[in-house]
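A short worksheet on the structure shown next.
The values are calculated or read from the model by the stated rules, or taken from the named source; none is laboratory data. Here the structure is a predicted model, which is why all the values come from computation and not from measurement. Using ideal geometry, Cβ is built from the backbone for each residue, glycine included, and neighbour counts are taken over all protein chains shown.
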């Protein structure tokens, strides 16, 4: 197998992974926007319930950032790590919402409606999936074998 074939296969895999990551990120972003609208329309804005709206808005915002990062050709390790940390924050707050939802409703709570305990874990799933999609979609053939000194016929001079 020649160096050109290896590079072509690596570039093809990288483009395929990037396309999958873009589709998944778009789905997560749209899902977050739908959940944001649902929470707002359901009146999930009283007292501590506002955290659900904030997490949904944060997930949508991080989704847009992640999509923009994947859609551009420029790569920054710091930006990628920062966005992955933001996805981690969304996942963490989703778990925090689960902890709030799983306990009995306090008598002094503003809203006495029943709380579905697993609903906030949607954001945990979105955060994990968004981080994995960004990581997998931003990996690729950034290092060419031809450009590396001493590898696959690459020159030692730069």
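Filtering the range 26-47 to residues that are assigned to a helix (DSSP H, G or I) and in contact (Cβ under 8 Å) with a residue 60 or more places away in the chain leaves 28, 31, 32, 35, 47.
From the set of residues in the range 65-76 that are exposed (fewer than 14 other Cβ atoms within 10 Å of the Cβ) and assigned to a helix (DSSP H, G or I), which is modelled with the lowest pLDDT?
71
Determine which member of the set 131, 60, 79 is part of a helix (DSSP H, G or I) and in contact (Cβ under 8 Å) with a residue 40 or more places away in the chain. Of 131, 60, 79, the one residue that is part of a helix (DSSP H, G or I) and in contact (Cβ under 8 Å) with a residue 40 or more places away in the chain is 131. All conditions but one from (1) surrounded by fewer than 21 Cβ atoms within 10 Å (Cβ to Cβ); (2) touching a helix residue (DSSP H, G or I) at 6+ places or on another chain (Cβ under 6 Å); (3) at pLDDT 80 or above; (4) within 25 Å of residue 19 (Cβ to Cβ) apply to residue 121; the one that does not is (4).
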